[in-house]
Structure formats: C-alpha cells, structure tokens
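Enquirer: Dropping a structure here in structure tokens format, bear with me for questions.
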Amino acid sequence: MKIATVRAATIRTPAALAPTGITPPASAPWTALEGIPANLAPTWSDVVCVVTADDGTWGFGSTSFAGPVVPIINDHLATLLAGAVVDSAADLAVLWDRMDQACGAHYGSSGLASYAMSAVDLALWDCFGKVEGQPVWRLLGGEQRRIATYATGSAVTEYLDLGHNAVKLP
C-alpha cells in the first residue's frame, strides 16, 4: 500500500452523551487529584486520525490532547509519511522509527508527540490490515493465550486482582 494522506481532526463528545449523576469509585485514580484546581487540567478535546492509501482504503486511529496533537500530525507527520510504501508489517515499524526520529530531532518524541505518533500508528495498522484483508491481531503475530498487561494508577491491589501483571504508578 502507498500512503496517500494522513489527516487529523478534533472530535468533541456531544453533551448529550456525557455521563451525568455518576459518582466515581473511591479508588479511582483521579481522586488523588482532589483539591487541585480544575484550571490546571488541559481542556483539549480528543483526536481522530485517518490514514488513506492510494487505492482509497483508510484506517482509523484516535488519541487525546487535540490542541497540540492535531498540528503535529497535520503539519509534520502527514508530510513525513505521504508517499511511503508499506508492503509488510516490518515497514510499519520503519515508519514508527521515522516518526520517532523526526519528532525527537525537533521537539522530543515523548509527551505530546507520542500521542500524535500513536494515533497515526493505530491508523496505519488499521489501514494495512484492511489492505491485506487481515485483522490487526493476526498481523501482530496471531492468537495469544495470555498477554501481559499493566494498569496505570494508585489502586495497586485492585489492578492486580483484576488480572493485570504490573502497575505503573502515576
């Protein structure tokens, strides 16, 4: 497949779909932030990223922090990836490395840039899977009986009880 376009846009959750009257559990990770002014949290919406191949096939990815992430995708990564040819899953790893190096050379490939790279990567895998007529799980190596997972937060015991193998503390 040859990448024709990479585009990102801001998406907003309609107010009608927002949860109301829900009390989060006491162990929710965000309870640790109680007392911190709400104005310290970013108000950016979420991001949708669409990668389109030259045959019209498209793939979808999403992430958070639209304010800075949409321009990283549209103004930097889209130009970097347009015209790239993907013939195998290994080529997707090469494109990840290309994004990592390009972002790292200018503003770092961690933090907000990693959100942009992740949305593009998800869309690339989705598009490639459609072109190949294969689900992404099969492209990634096929069926697995057990997959190691981790949760992020401070409710260590609860996460381990849910079956996670490890916990990343905030």
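The values are calculated or read from the model by the stated rules, or taken from the named source; none is laboratory data. From a predicted model like this one, the values you see are computed outputs, not experimental measurements. Virtual Cβ from ideal backbone geometry, glycine too; neighbours counted across all protein chains shown. Just so you know, the surface numbers come from the protein's heavy atoms only, side chains and all, with ligands and any DNA or RNA stripped out. Shrake-Rupley method; radii C 1.70, N 1.55, O 1.52, S 1.80 Å.
Enquirer: Which value in nm describes the separation of the simple spin-label points at Ile11 and Trp58, placed 7 Å from the Cα toward the beta carbon?
Expert: 1.2
Enquirer: Here's another thing I want to ask about it. At a Förster distance of 22 Å, what's the computed FRET efficiency of Val131 paired with Thr79, Cβ-Cβ distance as r, to 0.05?
Expert: 0.50
Enquirer: Can I ask one more? Among residues other than Asp121 whose Cβ falls under 14 Å from its Cβ, what is the net charge (Lys/Arg +1, Asp/Glu -1)?
Expert: Spelling it out: positives minus negatives among the neighbours equals -3.
Enquirer: Where does the charge balance sit around Cys49 when Lys and Arg score +1, Asp and Glu -1, over other residues with C-beta under 11 Å from its C-beta?
Expert: Counting the neighbours of Cys49, the net charge comes to -2.
Enquirer: Hey, another quick one. Between Thr43 and Ile147, how many nm apart are label points set 7 Å from Cα along the C-beta direction?
Expert: The two pseudo-label positions are separated by 3.6 nm.
Enquirer: Here's a follow-up. How much of the accessible area of the stretch 106-167, in percent, comes from carbon and sulfur atoms when a 1.4 Å probe is used?
Expert: Carbon-and-sulfur percentage of accessible area, whole number: 52.
Enquirer: Something else now. Run through all the Cα pairs of the stretch 51-105 and give the fraction in each 10 Å bin from 0, expressed as whole percent.
Expert: Spelled out bin by bin, the stretch 51-105 gives 20, 55, 24, 1 percent.
Enquirer: Calculate the spin-label point distance for Val167 paired with Lys2, positioning each point 7 Å from the Cα along the beta-carbon direction, and give it in nanometres.
Expert: Rounded to a tenth, the inter-label distance reads 5.2 nm.
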